[in-house]
Amino acid sequence: MLLSLSLPRRLSEQRSTVVLIILVICCLASLASGARAVVIADALRTAGSVAAYPFWKGLTAAQNTLSTASAFFLEYGAAKREAEALRYEVTDLSHALTALDELRAENERLRDMLEFVRTEPRFTVEPAQVIGRSFEGALTIDRGGVHGVREAMCVLTQDGVVGMVAKVEPFFSHVYTLHHSQCRVGAMIPRNRVRGIVHGGGSTQRPVSTMQYIDIKDDVRPGDDVVTSGGSIFPSGFPIGRVTRVEFDSESLLKTAFIEPILDPYSLDEVFVLRAAPPSPEELTGEGGRTAGDVSLYALPDNRSIQERYAP
């Protein structure tokens with residue numbers, strides 16, 4: 001009885017020794033049975049991998065998330081820099097295209113001017129550049145007295161009449177266009193050769209000129225073209241504008257035709273100053289020559305009375 005009570009106590013005191021003996025016996029049994037030790041190692045490895053799998057999965061997910069986030073921020077910065085560079089490049093290309101369009105338009109204008117000089121050899125013209133614009137219908141050009149420009153010279157383009165030189169400085173001149181109230185041009189309707197005097201509109205809000213002193217019996221209609229009638233300043237046949245409407249004055253028995261000028265002076269960059277122009281065959285034969293009512297015979301400003309200017 002005493003022996004049976006002391007055995008468990010001895011086993012607990014010699015637990016390590018007992019465990020060692022059991023392991024040795026198991027190893028000897030394993031060797032005796034021919035089982036390989038790798039089976040035990042595989043079992044331990046499998047158990048370890050099963051236990052470590054959740055931790056490995058979580059670590060892998062965290063690494064992927066961190067890698068994705070870092071790649072996003074890095075690629076976002078690179079994409080932003082690339083977008084900025086592309087935006088600057090697009091801006092530069094837009095400016096280059098604008099400059100190219102401007103050069104193309106200037107080239108076309110200069111080509112038209114050269115064609116005009118080539119096809120009108122009887123004219124002696126001085127090319128000029130518009131360097132200033134007034135809202136009263138006046139232009140400033142970069143040609144003056146030293147270039148041979150004089151007051152009351154005709155200013156035109158290959159498309160039609162601009163106006164006349166009103167004041168000359170040594171290196172630049174002021175031009176009254178068909179929008180200016182002091183501009184006067186002898187004109188006619190080429191359809192039936194009805195004549196009159198075109199007066200500048202004198203307003204930028206209503207840029208319409210008027211053709212005055214038309215006999216009430218003369219046939220003038222909206223849509224009629226108006227050209228220069230010729231004289232000492234303006235060559236004959238150059239476009240002035242087109243009739244928009246006609247009004248009657250029952251007291252004076254005259255008509256007034258409202259004309260839309262063919263040229264917009266505020267859009268002009270280059271003009272011609274007509275220094276000399278031989279008369280046309282019509283002017284030589286008297287059909288398109290000067291008349292007493294043609295104010296182009298007189299230099300600006302014209303201070304004569306109406307009776308003196310338009311008396312027969």
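Sorting the segments 181-192, 99-110, 239-250 by their residues' average number of neighbouring beta-carbon atoms within 10 angstrom, most packed first, yields 181-192, 239-250, 99-110. Dividing the radius of gyration of the alpha carbons in the range 141-186 by their Kirkwood radius gives 0.97 for Rg/Rh. Let's test the formula: R0 of 35 Å, r as the Cβ-Cβ distance of V90 and R133. What FRET efficiency results, to the nearest 0.05? After rounding to 0.05, the efficiency reads 0.60. Rounded to the nearest 20, the Cβ-based charge dipole of the range 92-189 about its Cα centre (Lys and Arg +1, Asp and Glu -1) stands at 420 debye. Kirkwood radius and radius of gyration were both taken over the C-alpha atoms of the range 126-227, and their ratio Rg/Rh is 1.03. Please give the Cα centre distance for the range 167-227 versus the range 72-130, rounded to the nearest Å. Comparing the Cα centres of the range 167-227 and the range 72-130, I get a distance of 36 Å.
Quick note: the coordinates plus some simple rules give every number you see, no bench work behind them. No experiment lies behind these values; they were computed from the predicted model shown. Cβ atoms come from the backbone with ideal geometry, glycine included; neighbour counts cover every protein chain shown.
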